[in-house]
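I have placed the structure first, in the form of structure tokens, so that the comments after it can refer back to it.
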Protein chains: 6
Amino acid sequence: MLIHLSSWPEIDARLKSGAALSKTVVVPIGSNEQHGPTGLLGTDWLCPEIIAHAAERGDDSLIVAPTFNIGMAQHHLAFPGTISLRPSTFMSAITDWVSSLARHGFERIYFLNGHGGNVATIEATFAEIYAEWSFVEERPPFVLKLRNWWDLPGVHRLCEEIFPVGHGAHATPSEIAVTQAAYPDHIKIADYSPKIAPMGPIRDALDYRARFPDGRIGSDPAQASPEKGQTIIDASVPALLKDVADFAAEVLP
Amino acid sequence: MLIHLSSWPEIDARLKSGAALSKTVVVPIGSNEQHGPTGLLGTDWLCPEIIAHAAERGDDSLIVAPTFNIGMAQHHLAFPGTISLRPSTFMSAITDWVSSLARHGFERIYFLNGHGGNVATIEATFAEIYAEWSFVEERPPFVLKLRNWWDLPGVHRLCEEIFPVGHGAHATPSEIAVTQAAYPDHIKIADYSPKIAPMGPIRDALDYRARFPDGRIGSDPAQASPEKGQTIIDASVPALLKDVADFAAEVLP
Amino acid sequence: MLIHLSSWPEIDARLKSGAALSKTVVVPIGSNEQHGPTGLLGTDWLCPEIIAHAAERGDDSLIVAPTFNIGMAQHHLAFPGTISLRPSTFMSAITDWVSSLARHGFERIYFLNGHGGNVATIEATFAEIYAEWSFVEERPPFVLKLRNWWDLPGVHRLCEEIFPVGHGAHATPSEIAVTQAAYPDHIKIADYSPKIAPMGPIRDALDYRARFPDGRIGSDPAQASPEKGQTIIDASVPALLKDVADFAAEVLP
Amino acid sequence: MLIHLSSWPEIDARLKSGAALSKTVVVPIGSNEQHGPTGLLGTDWLCPEIIAHAAERGDDSLIVAPTFNIGMAQHHLAFPGTISLRPSTFMSAITDWVSSLARHGFERIYFLNGHGGNVATIEATFAEIYAEWSFVEERPPFVLKLRNWWDLPGVHRLCEEIFPVGHGAHATPSEIAVTQAAYPDHIKIADYSPKIAPMGPIRDALDYRARFPDGRIGSDPAQASPEKGQTIIDASVPALLKDVADFAAEVLP
Amino acid sequence: MLIHLSSWPEIDARLKSGAALSKTVVVPIGSNEQHGPTGLLGTDWLCPEIIAHAAERGDDSLIVAPTFNIGMAQHHLAFPGTISLRPSTFMSAITDWVSSLARHGFERIYFLNGHGGNVATIEATFAEIYAEWSFVEERPPFVLKLRNWWDLPGVHRLCEEIFPVGHGAHATPSEIAVTQAAYPDHIKIADYSPKIAPMGPIRDALDYRARFPDGRIGSDPAQASPEKGQTIIDASVPALLKDVADFAAEVLP
Amino acid sequence: MLIHLSSWPEIDARLKSGAALSKTVVVPIGSNEQHGPTGLLGTDWLCPEIIAHAAERGDDSLIVAPTFNIGMAQHHLAFPGTISLRPSTFMSAITDWVSSLARHGFERIYFLNGHGGNVATIEATFAEIYAEWSFVEERPPFVLKLRNWWDLPGVHRLCEEIFPVGHGAHATPSEIAVTQAAYPDHIKIADYSPKIAPMGPIRDALDYRARFPDGRIGSDPAQASPEKGQTIIDASVPALLKDVADFAAEVLP
């Protein structure tokens, strides 16, 4: 069930249904940022959306929120097309999403993340949200979980098997392959030089562009193909369904 | 050109191309909120996205950003599936989008809005953004514009012609028709009672639900059809292209 | 009853009196900003104050708060004497006024506004205030209303009758006439060139000054006179009393 | 010169005139809060306004801004009619006033304060404003000064001479006398019990009301009279003019 | 009992013990800022820590929190080693400390302050904290108190007796003597010129450095000695214990 | 060189000296939070302070700032003595520390962290700080680095060798041993039950206390001893000096 293609009575009925995942919601979350010479700017929000929507098509009991498509990408701002929230803005926005979803009775809120650069801020936000309750000695009526799609059980290993060399850390062949599978009309080609991009620390935008001139970090995206992307999606879907089901079933102390 | 399906070198090349609309970007912006018994929760962000993407398919010179899908919908929070930002969060997020896009050299930023409830906050945000420059006696390197899709030249009149009675103010047949045209597999049916929903002021969420029990304001969405929706889209596309072109061509004093 | 010229026991007694308007308060709100070559910088806060105080003199049951005299005027900052809050500051301040007045038991808070540029931010603030309640499924113990003084029933039509040409949008002859009636010792004269000022969009302060070199938008303030101002005041007073009474008597769902 | 009764060209001309006080502005600032059984709720913003306007009438070279009428009065909120900003809001608002006035070229901004409870927050605000410059190794183009009207040279001593007993700390006979002189039609009478109110610490609103049941702290306002108030005003006016002139003439290192 | 050298069960037991000071906590608070040619940068947080820890060694019933070591020192930023919070940050941090301590059941929170420049912001913070309760007509479950160590009963007089000339306002011989007593290995020597530093107003950092080239205000720190410092500490300890005991024993209305 | 025990001329001279580490500063940063039945509440800020001060004693070229002793510990708030900042406050405070240190010319700012729960917020803060520069296409004049003391090269392996079983994730024997070595008079003893604490997710404070009743996560602190702590310190000191030297020497692109 995709929230944005449902009516409110449909969501209402599901919430009251007592069905297995009826009080759990998955929020695809990512970033709109450069992904090297060929990667789509939307890669990081498209990947979790692709996987979550595929899972929902297979199992309608999964409730999927609209995609949170702009995250924390300040370090990519020297590349056109990148859109970033400041971490503080990102925190406020996530907080409001959680307040909205919890208000309706969602008790488990699962963020399926597509951008490593989001992790710190999302975790800080969870702490900010929990702190409101911790300071006043109350328990929140919801539990939050963050899962990067590549950390779904078995997925990272699969990606490394498919791309044993040049997987890298940004504009990876696996994420680009996932978008190629879903958007085959938008596959782009480039001569990468060097074939495998350099590694290094991530700081501000100009430092980033100086270190990583074409935007990639440690990756060789030329290895991506729609077929490999589909393989990754096919493995991610059951892993997501299992992971969400476990989260929904978790008994709280 | 859809930013999220482009690579950064493609955006970079376009920005440097000197083409007519190369420094103008359209941001579809809306809200995820209840739209009565049958309207999609995503209606208000889907409509501007549908129209902007249709325009871009017809004229690739139009640059379209990812859709800003969550807006100011606090009054709809008593209906499940609604997700709202607080106005203050909304303002911070829009500000960061503008900072990002302006950083890349976009000089005209056009928000195509799908939610009347967003208007006040977006305008307040424009003032907040401009104020940073006004206080220090500098001119911003960009100009901002807000346009509701139904206020595109000719569109509102068309909607009233198609739906002379029961157009109303929320969950209107015109916006629902637009989503029906784009998402024909998600058309929903209900017995509306009363046929035309009541009118009234908009305040907090519980007040809203008490006044408008099924979520509609003044509308009779039963009149919507995919065909009527397509008619509206077909009229909106050239109106948008013309409006954006005028904005891009506007000479500043 | 003017709050600032009353003692707390007087306000206390009134709040407990059960009288018709005893739980309703009118807050004159405006802006201190340039009003063309002859308009007073205080015009936008003086007008609602003049009207509200005149109404209170006629009907002591009206409770009038001190005047909120600085609003959102970033676009006028290129003209000396303008004082503006950022929209975010304006929102915080209005919120605190509302919290204070509601704390005392005022259940209807009516903002009589004198500045069009305030409208978006005031409405965004109402949403921000209501959101606190909407997120937690509670009803606020108060209702908020915004009314521009020129939108009081009958007033705008009267202004257009008196000034059928060159009323314009800023530094209008009607608002200047109102201040002339109240402050006859501070009437100023200038040669306006052009007689009727240009129209155009409102953006940042330097853009504004370039478009509207003497500060007026579309107006010919030379038509103003104290007598015309008094006529407008005389029409506004009963309209305000009626409007506030209706608001106070409104039954909530 | 009262800014709100001037036009922008008048302010502009004065700023460019090179006259003695042409780049100095006085901002009357106070609070709207309970002042015991008989004191006006507006006492703390009326007093500095009364004194500043009287000074301006005597010497038009004094430029006086509109009155900042709502300050930090959280401790008085248990008494109806009190309106308070949170300190953080107060700080933002003062900051915006300063930004606006400095933008026009005012180099010396003098706050004439009427509320002891404002002092800490105003001083914290000055530090917040200066900090923006201190962190980046630049000098601000303006200097800020806070002066309580009763601390104008000679005034406090005069008040103590007139009211040697029962002057107290809140709802003092001196401030009430000042308002009686200016608003003789709004003088109120009560039987004070006890004659001199108790002293004690200031904390939250309910604590305050429990300690000071009628709102006064240490004062016997029955001693106030319009004549005594006029005496205080007459002494304050030259003291203010001298103090502002000294501030304007101060040579910076 | 020093919190940071205790375990949570020890704090828990004390809080539940019913002992005299078991619900009172002392927070040493200061600033890290220049203190003239010879003063330690840590002087202002070391002094209250030294006195509070000495008191705790003498009377274990005193509960002492970790030292809040960075305060409001924007005016000292032109001198290397100074670390300052903006007042707004300082306010947020103090608020969180109070929320944490109050959450555990501390009902009296006593800030022993070592920096005059902190006073306004700490007081504004108290008002900010209390305001949350005042707006909603509730009493906070805690009481806050600010005490500068030199204002402990008898201490200021003692300092003036020891240093009748050249005590001054910043980098005073008394505070430097206190640190000399505690950190005799870090005593520094300089030729002061002039012997007694000038006095003047405190504004931004560059203004400060221009007025007070070596950082001192009105002081002659050459008079400091470890012995004099010990004398001051010895007088401060019983004064602190008495002051805290009085605060803990204060009956609320 | 400990900043707080230095004078500003000493810091000034060092900054201008051109010495190897003269523009690099180490900030010990941690948290004040429960550490199980026997761990000191200050453990997480004492450990980095202990190691950094030990390093500074061995090599005076190391410049060490005062310890940032309160961090993000909302999940520990159900245990008395814990003091936590909200993540948003923590971010503001770190930002101000960085602004202060960078203002003086420190070009490399190294945070030696003692609390895993701080990591996400510190990293989010770095992004917040960098974003200010990234949005405006400028490079910051400083570089930031976060290092947990147990992640210093070789240290984590050593800890695991010393405590191959029951090292756990909170209240670990290694951190407790470090504090025992430094504060042997404050070693506490308890019967742990179970010997090794459970593992689990970290959420809000009440959830935490329900999962981890005595506060430990996965650890057996009974294994700690002052001797083992000294071993860890002795290994950490050269690792820190090497790590800081590498950071200081890093050539930026």
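The values are calculated or read from the model by the stated rules, or taken from the named source; none is laboratory data. Bear in mind that the values here come from a model prediction, so they are computed numbers and not experimental data. Positions of Cβ are backbone-derived with ideal geometry, glycine not excepted, and every protein chain shown enters the neighbour counts.
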Query raised in the report: Hey, does the range C:25-37 have a residue that's within 21 Å of D:His35 (Cβ to Cβ) and either modelled with pLDDT of 95 or more or within 16 Å of the chain's Cα centre (by Cα) (or both)?
Result: yes
Query raised in the report: Can you tell me which of E:Pro213, E:Pro238, E:Pro164 is modelled with pLDDT of 95 or more, more than 21 Å from E:Gly42 (Cβ to Cβ) and within 14 Å of chain D (Cβ to nearest Cβ)?
Result: E:Pro213
Query raised in the report: Can B:His170 be described as under 22 Å from the mean Cα position of the chain (by Cα), of a type outside the set (A, V, I, L, M) and more than 30 Å from C:Val143 (Cα to Cα)?
Result: no
Query raised in the report: If you go through the range F:94-104 one residue at a time, do you hit one that is within 17 Å of F:Gly116 (Cα to Cα), under 13 Å from the mean Cα position of the chain (by Cα), surrounded by 24 or more Cβ atoms within 10 Å (Cβ to Cβ) and not small (Gly, Ala, Ser)?
Result: no
Query raised in the report: Any chance the range E:150-172 includes a residue that's buried (at least 22 other Cβ atoms within 10 Å of the Cβ), in a loop (DSSP other than H, G, I, E, B), of a type outside the set (Phe, Trp, Tyr) and in contact with a strand residue (DSSP E or B) (Cβ under 6 Å, 6 or more places away or on another chain)?
Result: yes
Report summary line: Within the range E:68-93, of all residues that are surrounded by fewer than 24 Cβ atoms within 10 Å (Cβ to Cβ) and touching a residue at least 24 places away in the same chain (Cβ under 8 Å), the one nearest to F:Ile70 (Cα to Cα) is E:Ala93
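Within the range D:109-130, count every residue that is touching a Pro at 6+ places or on another chain (Cβ under 7 Å) and at the interface with chain E (Cβ under 7 Å from one of its Cβ atoms).
So the answer is 5.
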Requested in this report: Identify the residue in the range F:7-52 that is small (Gly, Ala, Ser) and touching a residue at least 60 places away in the same chain (Cβ under 8 Å) and, among all such residues, is farthest from F:Val237 (Cα to Cα).
Outcome: F:Gly36
Requested in this report: Go through the range D:155-170 and give me each residue that's closer than 13 Å to D:Gly229 by Cα and of a type in the set (A, V, I, L, M).
Outcome: D:Val155, D:Leu158, D:Ile162
Requested in this report: Check the range A:85-92 and report whether any residue there is facing chain F (nearest Cβ under 8 Å) and in contact with a His (Cβ under 9 Å, 6 or more places away or on another chain).
Outcome: no
Query - the range E:222-232: number of residues that are crowded, with 20+ Cβ neighbours inside 10 Å and part of a helix (DSSP H, G or I) - result: 3
Requested in this report: Sort through A:Ile51, A:Ile3 and tell me the only one that's crowded, with 24+ Cβ neighbours inside 10 Å, of a type outside the set (Phe, Trp, Tyr), in contact with a helix residue (DSSP H, G or I) (Cβ under 7 Å, 6 or more places away or on another chain) and within 12 Å of another protein chain (Cβ to nearest Cβ).
Outcome: A:Ile3
**Report entry** Extreme residue, nearest to C:Ala171 (Cα to Cα), among residues of the range D:11-25 that are facing chain C (nearest Cβ under 10 Å) and surrounded by fewer than 20 Cβ atoms within 10 Å (Cβ to Cβ)
**Finding:** D:Asp12
Report task. State whether the residues of the range A:184-206 include one that is within 14 Å of chain F (Cβ to nearest Cβ) and in a helix (DSSP H, G or I). Result -> yes
Report summary line: Across the range A:118-128, the tally of residues that are surrounded by 23 or more Cβ atoms within 10 Å (Cβ to Cβ) and either closer than 30 Å to B:Ser7 by Cβ or among the aliphatic types (A, V, I, L, M) (or both) stands at 6
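For residues that are within 22 Å of E:Glu161 (Cβ to Cβ) and part of a loop (DSSP other than H, G, I, E, B), tally how many sit in the range E:207-221.
In the first step, residues of the range E:207-221 are kept if they are within 22 Å of E:Glu161 (Cβ to Cβ); the result is E:216-221.
Filter again for part of a loop (DSSP other than H, G, I, E, B), leaving E:216, E:218-220.
Of the residues in that region, 4 qualify.
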Query - Filtered residues of the range C:1-36 (kept if hydrophobic (A, V, I, L, M, F, W, C) and part of a helix (DSSP H, G or I)) - result: C:Ile3, C:Leu5, C:Trp8, C:Ile11, C:Ala13, C:Leu15
Query raised in the report: Residue check, B:Leu240 against (1) outside any helix (DSSP H, G or I); (2) at negative phi; (3) out of contact with any Gly (no Cβ under 8 Å at 6 or more places or on another chain), all met but one. Which one?
Result: (1)
Query raised in the report: Which of the residues that make up the range C:201-222 are within 24 Å of the chain's Cα centre (by Cα), under 16 Å from B:Ala127 (Cα atoms) and in contact (Cβ under 8 Å) with a residue 12 or more places away in the chain?
Result: C:Ile202, C:Arg203, C:Asp204, C:Ala205, C:Tyr208, C:Arg209
Report task. Examine the range C:175-184 for a residue that is over 23 Å from C:Ala55 (Cα atoms) and among the hydrophobic types (A, V, I, L, M, F, W, C), and state whether such a residue exists. Result -> no
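Against the condition away from chain E (no Cβ under 11 Å) and closer than 22 Å to D:Ala102 by Cβ, how does D:Pro80 come out, does it pass?
Values: away from chain E (no Cβ under 11 Å): yes; closer than 22 Å to D:Ala102 by Cβ: no.
Considered against the rule, which asks whether it is away from chain E (no Cβ under 11 Å) and closer than 22 Å to D:Ala102 by Cβ, D:Pro80 comes out as no.
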